[in-house]
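Notes follow once the structure below has been shown.
No lab work stands behind these numbers, since they all come straight from the coordinates. All values reported here derive from a predicted model rather than from experimental measurement. No Cβ is skipped: glycine too gets one built from the backbone with ideal geometry, and neighbour counts run over all protein chains shown.
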Amino acid sequence: MGTWIPVKMTPSRSLCGTTPAEFGELLERLAPLVEVVRAERLARDDRVRAPGAGMKPKAFQFRLLVSLTHLRLGTSLRATASMFGIDEKSVRNWRDELEALLVAHGVAVAGRSAPVRTLGDLAEYLQQRGDDDYVIIDGTDIPRPRPGSWESQRPAWSGKSHDHVVKGTVVADADGNPIWFEANPNGEGRTQDITMLRNGALLGVLALSAVTILADLGYQGLGGDVAGDVYTPRRRRPGHKHLDRDDRLHNHGLAQARIRVEHSIARLKRWGVMRQHRRHPDTLDRVGQATVVLDSLTW
């Protein structure tokens with residue numbers, strides 16, 4: 001067999017999830033952060049190697065293309081490495097580098113000059129929104145490989161999805177743009193949506209900001225945990241066979257508004273890394289937040 005020669009690839013929606021123009025914009029946004037990380041590494045007190053010594057790293061443009069392709073296709077490290085003719089460790093290191101850079105960059109949101117990077121930024125952003133504005137929240141299940149032991153399989157099993165999953169909470173604005181992602185703190189797949197929210201840090205932000213929240217039946221009772229209004233579907237009253245007209249109209253209007261969070265989740269899952277979680281459940285929080293940032297910069 002002859003020597004395998006990798007094919008030169010260019011950015012595209014089907015390959016790395018971005019157009020060439022979006023790829024160039026990402027490169028411009030993230031390159032300064034790369035230089036900051038590099039300067040911090042060179043200035044470390046415990047650094048032994050002299051500046052400029054050792055193997056020169058690949059150009060950031062190439063590292064970005066490989067990492068985006070890995071996130072977009074959701075392939076294994078080995079498959080991505082074979083596509084570009086590089087080592088699996090390089091794919092893993094560059095992927096971790098990109099995810100850290102994206103989280104450090106933050107989510108670009110409309111009406112705010114600085115990106116939303118932390119929960120504090122998110123609280124400030126929500127407090128600045130108008131009184132007639134709202135956010136939509138929903139939980140999402142992401143399939144994962146079956147755990148090895150029976151003791152770890154049961155907590156990972158979702159009766160709703162009939163699969164082993166990891167869960168997360170997605171927050172979207174009224175236009176259907178995802179603005180935050182929080183993974184289930186305990187990493188289990190059997191946790192109910194409202195319990196997952198109550199166990200995380202996101203609930204404190206929603207409570208302090210007093211923002212209006214739209215949610216599904218999985219969040220009934222959330223109104224007692226937050227200061228703002230919470231709208232969930234109304235259920236049939238005891239002793240009644242059907243919903244009355246006002247309740248049907250309420251549910252219909254809520255469903256029309258809530259459908260946008262489903263669109264947000266679909267936008268996140270166009271990245272293959274959000275359709276099948278191949279890593280440890282503890283990494284989902286970083287992966288999900290990095291994907292939200294990617295969506296805000298490329299959609």
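Setting aside same-chain residues fewer than 8 positions from LYS269, which lysines have a Cα under 20 Å from its Cα?
Partners found: LYS160, LYS167.
Based on the mean of other beta carbon atoms within 10 Å per residue, what is the order of 224-234, 98-108, 27-37, most packed first?
The most tightly packed comes first, giving 98-108, 224-234, 27-37.
For VAL166, what residues show an amide H to amide H distance below 5 Å, using hydrogens built from the backbone and excluding near sequence neighbours?
ILE142, ARG144
Name the helices (complete DSSP H segments) of the chain with a Cα length along the long axis of 24 Å or more and a Kyte-Doolittle mean of at least -1.0, or state none. It would help to have the intermediate numbers written out before the result.
On the way: long enough: 20-42 (32 Å, 0.23); 88-105 (26 Å, -0.66); 245-268 (35 Å, -0.87).
Counting only whole DSSP H runs, the qualifying helices are 20-42, 88-105, 245-268.
What does DSSP give for the chain in terms of the percent of beta bridges that are antiparallel, rounded to the nearest 5?
Details: 17 of 22 bridges.
Among the beta bridges of the chain, antiparallel pairing accounts for roughly 75 percent.
Take the alpha carbon atoms of the range 251-299, find their center, do the same for the range 112-139, and report the distance between the two centers in whole angstrom.
With the range 251-299 and the range 112-139 each reduced to a Cα centre, they are spaced 17 Å.
Using mean projected area of the Cα convex hull in nm² as the read-out, say which of (i) 21.1; (ii) 14.8; (iii) 17.8 was calculated from these coordinates.
Only one listed value fits the structure, namely (i).
Any idea how far apart ARG236 and SER152 come out in nm if each label point goes 7 Å out from Cα toward Cβ?
Result for the modelled spin labels: 4.3 nm.
Could you identify which residue out of MET196, MET274, MET55 has the top mean-square fluctuation in a GNM of the chain using Cα springs shorter than 10 Å?
With Cα springs under 10 Å in the chain, the top fluctuation among MET196, MET274, MET55 is at MET55.
Rounded to the nearest 0.05, what FRET efficiency do ASP247 and LYS56 have when you use their Cβ-Cβ distance and R0 = 45 Å? Before the final figure, lay out each step's value.
Working: r = 66 Å, r/R0 = 1.47.
Once rounded, the FRET efficiency stands at 0.10.
Evaluate the Debye formula for the range 127-281 with equal point scatterers sitting on the alpha carbons, no solvent, and hand back log10 of I(q)/I(0) at q = 0.13 Å⁻¹, in q order, two decimals.
-0.66
Which residues' amide hydrogens lie under 5 Å from the amide hydrogen of ALA174, considering only partners 5 or more residues apart or on another chain, with H built in the peptide plane?
Amide H neighbours of ALA174: TYR134.
Given springs between every Cα pair under 10 Å in a Gaussian network model of the chain, which of GLY17, GLY111, GLY189 has the largest fluctuation?
It is GLY111.
As an exercise, use a Förster radius of 25 Å and the Cβ-Cβ distance of LEU77 and THR195 to find the FRET efficiency, rounded to the nearest 0.05. Working shown, then result.
Numbers: r = 33 Å, r/R0 = 1.33.
With R0 = 25 Å, the Cβ-Cβ based efficiency is 0.15.
Just to be sure I understand: with springs between alpha-carbon atoms less than 10 Å apart, which residue in SER12, SER149, SER82 has the highest mean-square fluctuation in the Gaussian network model of the chain?
Maximum among the listed residues: SER149.
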